[in-house]
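The values are calculated or read from the model by the stated rules, or taken from the named source; none is laboratory data. Since the model is a prediction, treat every value here as computed from it, not as a measurement. Neighbour counts run over all protein chains shown; Cβ positions are idealised from the backbone, glycine included.
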Amino acid sequence: MTTRVGIITFPGTLDDRDAATAVALGGAEAVPVWHKDTNLNDVDAVILPGGFSYGDYLRAGALASVSPIMKAVIDKANEGMPVLGICNGFQMLCETGLLPGALTRNKELHFICRPELITITNTKTAWTNFFQPGAELVIPIKNGEGCYQIAPESLPELEDKGLIVARYNNNPNGSVNDIAAISNEAGNVVGIMPHPEHAVDGLVGAGVDGLGFFWSIAGVTV
Amino acid sequence: MHLVEKIIVEVMPKPEILDPQGRAIQGVFNRAGHASVNNVRQGKRFEISVDGPITDALLDEIEELAATVLSNPVIETYAIYADEGDGE
C-alpha cells in the first residue's frame, strides 16, 4: 500500500508544493492538509514544510505551532506517526516541544540561501533509513533563523543518545555542534534545517541528494 | 479619570543565548563613538488589554500564555505585571 504523506499548509507556507512533488517522486502519495483542519484523517506521515508561517511573527514557527491541526500532529507524533519538519517546520517542532532546543537568528544575521554539504549521522529514523551512516549530501539551505541552540546541560543527552541526524560540514549559521537535523528518541519525528525537497530534480535543484528522505518514508510500513 | 488597565509581558533572551541583534546594535553604538556601551540585549514587550479588572485568576491565565506562547523557555525568560496606569 502506498504511504500517504500529509503536507500541511499554513498561512505563509512556501514549500508545500515542492514537498508534495518530492513525496511523489519518492514513491509515496502527497495529501494536502489545511492548518485549520482538526484531524489528519488516514495519513501515515506528515511533513511540516518550509516558509514563513504567520510572517515569522512572535518567533519563527511559534504561532503555527498553536494552530488547530498541530494538536492532531502532536497527538499522532506521540503515538509514533512519522513527522518531518523542514526549516520553518523544524522551528514549529521545537516550538511544540516535540523536539528539544530552539532555532534562533543566524550568527552573522544574514539570510543564507545556497547548497550546503551535510553528513547523515543517524540512519535509524523514519526519514533517513535509506541512507548509509556518514553519507554526505548536498542539500540547499535558505534560512535567517537556522542557528540551532539548546540548553548546555541538554546537549550531551542529544549527542549520547545519537539524536543528531545530520551535521553541516561547514557550519553556516552558528548551530551548536554543527547540528543540521535532529530527531526524537523514537526516531519518528525529525526536524531538518536544509531543504531535501529542493534537491530531488537535477534540472531545477542542487542535484538529487534529497530523494533519500522521501524514499525512506515511502518504504516505511505503517 | 478613566483607569486603563493592562497586563505587561516582557520577554528577554536568556543571558547565555547569543543575541546577534543586540550585538549588532552594540556594534553600531560603538562605531558611532559611544565607547562605553559594552552590551545590548534586545527583547520584546507585550501590552495586553483586558475586559474588566485584573484579577489574580486572569493574571494566572495570561501568565500561562506568557510562559507557553509569548516566550520560548528554551531561549527566553519573561516577566509579567499589571500596569494600572492613569490613562489619557
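In the condition set (1) in a loop (DSSP other than H, G, I, E, B); (2) within 14 Å of another protein chain (Cβ to nearest Cβ); (3) closer than 15 Å to A:Phe90 by Cα, A:Trp127 is compliant with all but (2).
Taking the criterion of being in a helix (DSSP H, G or I) and of a type in the set (D, E, K, R), the residues of region A:25-72 that qualify are A:Asp56, A:Lys71. For region A:74-100, give me each residue that is aliphatic (A, V, I, L, M) and either touching a residue at least 40 places away in the same chain (Cβ under 8 Å) or surrounded by 20 or more Cβ atoms within 10 Å (Cβ to Cβ) (or both). Within region A:74-100, A:Ala77, A:Met81, A:Val83, A:Leu84, A:Ile86, A:Met92, A:Leu93, A:Leu98, A:Leu99 qualify.
When A:Pro49 is tested against (1) surrounded by fewer than 20 Cβ atoms within 10 Å (Cβ to Cβ); (2) farther than 30 Å from B:Gly27 by Cβ; (3) more than 14 Å from every other protein chain (Cβ to nearest Cβ), only condition (1) is not met.
When each of A:Leu98, A:Leu84 is tested for being closer than 14 Å to A:Ile192 by Cβ and either in contact with a Cys (Cβ under 8 Å, 6 or more places away or on another chain) or more than 14 Å from every other protein chain (Cβ to nearest Cβ) (or both), the lone residue that passes is A:Leu84.
In region A:101-124, the qualifying residues are those that are in a loop (DSSP other than H, G, I, E, B) and touching a residue at least 60 places away in the same chain (Cβ under 8 Å), and the one that is farthest from the other protein chains (Cβ to nearest Cβ) is A:Lys124.
Within region B:39-56, is even one residue without any contact (Cβ under 8 Å) to a residue 12 or more places away in the chain and of a type in the set (A, V, I, L, M)? Within region B:39-56, none of the residues are without any contact (Cβ under 8 Å) to a residue 12 or more places away in the chain and of a type in the set (A, V, I, L, M).
Being surrounded by 19 or more Cβ atoms within 10 Å (Cβ to Cβ), within 14 Å of chain B (Cβ to nearest Cβ) and under 18 Å from the mean Cα position of the chain (by Cα) is a property that A:Ile150 has.
In region A:101-126, of all residues being in contact with an Asp or Glu (Cβ under 8 Å, 6 or more places away or on another chain) and not aliphatic (A, V, I, L, M), the one that is surrounded by the most Cβ atoms within 10 Å (Cβ to Cβ) corresponds to A:Thr104.
B:Ala67: modelled with pLDDT of 95 or more, surrounded by 14 or more Cβ atoms within 10 Å (Cβ to Cβ) and within 25 Å of A:Tyr148 (Cα to Cα), yes or no? Yes, satisfied. Inside region A:145-173, can you point out the residues that are of a type in the set (Gly, Ala, Ser), modelled with pLDDT of 95 or more and in a loop (DSSP other than H, G, I, E, B)? Scanning region A:145-173 gives A:Gly146, A:Gly162.
Of all the residues in region B:15-36, those that are within 21 Å of the chain's Cα centre (by Cα) and either away from chain A (no Cβ under 14 Å) or closer than 23 Å to A:Pro152 by Cα (or both) number 9.
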